[in-house]
Structure formats: C-alpha cells, structure tokens
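Contents: one structure, followed by commentary.
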Amino acid sequence: MTDTFPDIVPVGFQGDYTDFNHVKCQRSGDVRRTAGDVSIPAATATGKIIGLFPFNSGMSFVGLSGYNFYVADLDMGSTVTMSLGVQYQNTGQGTTNLTLIESASTVAQSAGYIPPTGTSWQEYVTTGNGWVVASITLGPTTTTGSITYNVPFVYDQPLLVA
C-alpha cells in the first residue's frame, strides 16, 4: 500500500507521516477544536488536495455547533468548485471520501462559508490516520487565497443509547 498525503498542507506541517504525531488526540471523549488556515496558490489545478488538519483513528465530527470552513474568492470568474472530505494515509486504513462533508461547492467563486451537504459526516468515525481535506473539483484557481477552518471533534466518544 502506498502512502498518500495532501498536495498542499498548512504551515507547520510537512505533508508526510510525521504530521500524525501532532494530532490533537484526547481519548477521553472530550470535545477538542482545531483551527487554522491554508494558503491556496493561484493556478491550483483540478484534483489538487488541500490538507486542513490531520487525524488519527477514532476521530468523529461534532455536529454543526461551532463548525466553520471559510474560503476566499479563488476565481476571477465562475469556474472553481471545491469539495470537503477525508483522505486516508493509505487504503489499508480506510476509504478516502473527498466529498464526505460537501461536494462541488461554488463558494470559492465569490468567497464565503462552505455549508455541509447531508448528514453522513456527522456520524462518521475515522478508521486510521488521514487528513480532513478540501479538493479542487473544478479549476484551476485564478487567484491566491486561503481556506480558514474551525472544527470541533472528539475521539472515542461513547455512544448514547436512548
């Protein structure tokens, strides 16, 4: 199995296996939050993967409370679309789903918040090391900009039974 990493990563990350040593992983079920931004250069091509933050096995998202992905205007026209999802380090750890959170949003054409599509991401639990990612689903970008994120998550949250 070949390791796969994002094409673009935030400042402070290397885009390799060492990034998983910096994951905010607290296995008590307490909610944690990660926030930051990633610069996306002009001329970023279709299919490029932008790493937002790495995760380890057992991470799940925490509903819509406090969840934010804001993308700058990356397109002087009306072409660029962007998806949000997860990319695993290798296929032996899990199945990459680049559209888990949002599929082909047009928000990067004028700037704004990217809303999630559906609810399957709210029940998703990661099965290995990987990254929460944005991907350029239609491009290329024509303007340098960034995606800013602020995301709550948990590890090993106990399931509540009604």
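Entry remark, the stretch 33-56: residues being over 16 Å from the mean Cα position of the chain (by Cα) and of a type in the set (Phe, Trp, Tyr) number 0 in total. Applying the selection to the stretch 86-104, what residues are closer than 19 Å to Asp37 by Cβ and at pLDDT below 95? Correct list: Ile101, Glu102.
Any chance the stretch 80-89 includes a residue that's in contact with a strand residue (DSSP E or B) (Cβ under 9 Å, 6 or more places away or on another chain) and surrounded by fewer than 18 Cβ atoms within 10 Å (Cβ to Cβ)? Checking the stretch 80-89: not a single residue is in contact with a strand residue (DSSP E or B) (Cβ under 9 Å, 6 or more places away or on another chain) and surrounded by fewer than 18 Cβ atoms within 10 Å (Cβ to Cβ). Of the residues Pro152, Pro116, the single one that is of a type outside the set (S, T, N, Q), surrounded by fewer than 21 Cβ atoms within 10 Å (Cβ to Cβ) and in contact with a Leu (Cβ under 8 Å, 6 or more places away or on another chain) is Pro116.
When the stretch 57-75 is filtered for residues that are modelled with pLDDT under 90 and over 13 Å from the mean Cα position of the chain (by Cα), the ones remaining, listed by number, are Val62, Gly63, Leu64, Ser65, Gly66. Of Pro158, Pro152, Pro116, Pro54, all but one fail to be at pLDDT 95 or above and not β-branched (Val, Ile, Thr); the exception is Pro54. Looking only at residues in the stretch 95-127 that are under 15 Å from the mean Cα position of the chain (by Cα) and in a loop (DSSP other than H, G, I, E, B), the one that is nearest to His22 (Cα to Cα) is Thr126. Checked against the criterion of being touching a helix residue (DSSP H, G or I) at 6+ places or on another chain (Cβ under 9 Å), surrounded by 15 or more Cβ atoms within 10 Å (Cβ to Cβ) and not charged (D, E, K, R), the stretch 22-40 has at least one qualifying residue. Scan the stretch 120-133 and give yes if some residue there is more than 15 Å from Pro6 (Cβ to Cβ), without any contact (Cβ under 8 Å) to a residue 60 or more places away in the chain and of a type in the set (S, T, N, Q), otherwise no. Looking through the stretch 120-133, at least one residue is more than 15 Å from Pro6 (Cβ to Cβ), without any contact (Cβ under 8 Å) to a residue 60 or more places away in the chain and of a type in the set (S, T, N, Q). Sort out which residues of the stretch 1-53 are hydrophobic (A, V, I, L, M, F, W, C) and in a strand (DSSP E or B), and write them in order of number. Result: Ile8, Ala35, Val38, Ile40, Ile49, Ile50, Leu52, Phe53. Out of all the residues in the stretch 1-32, which are of a type in the set (A, V, I, L, M, F, W, C), closer than 17 Å to Gly128 by Cβ and more than 14 Å from the chain's Cα centre (by Cα)? Selection gives Met1, Phe20, Cys25. Testing Ser57 on (1) over 20 Å from Gly145 (Cβ atoms); (2) surrounded by fewer than 21 Cβ atoms within 10 Å (Cβ to Cβ); (3) in contact with a helix residue (DSSP H, G or I) (Cβ under 8 Å, 6 or more places away or on another chain), one condition comes back false. Which one is that? Tallying (1) over 20 Å from Gly145 (Cβ atoms); (2) surrounded by fewer than 21 Cβ atoms within 10 Å (Cβ to Cβ); (3) in contact with a helix residue (DSSP H, G or I) (Cβ under 8 Å, 6 or more places away or on another chain), Ser57 fails exactly one: (3).
The values are calculated or read from the model by the stated rules, or taken from the named source; none is laboratory data. This one's a predicted model, so the numbers in the text were calculated from it and none came from an experiment. As a convention, Cβ positions derive from the backbone with ideal geometry for all residues, glycine included, and neighbour counts pool all protein chains shown.
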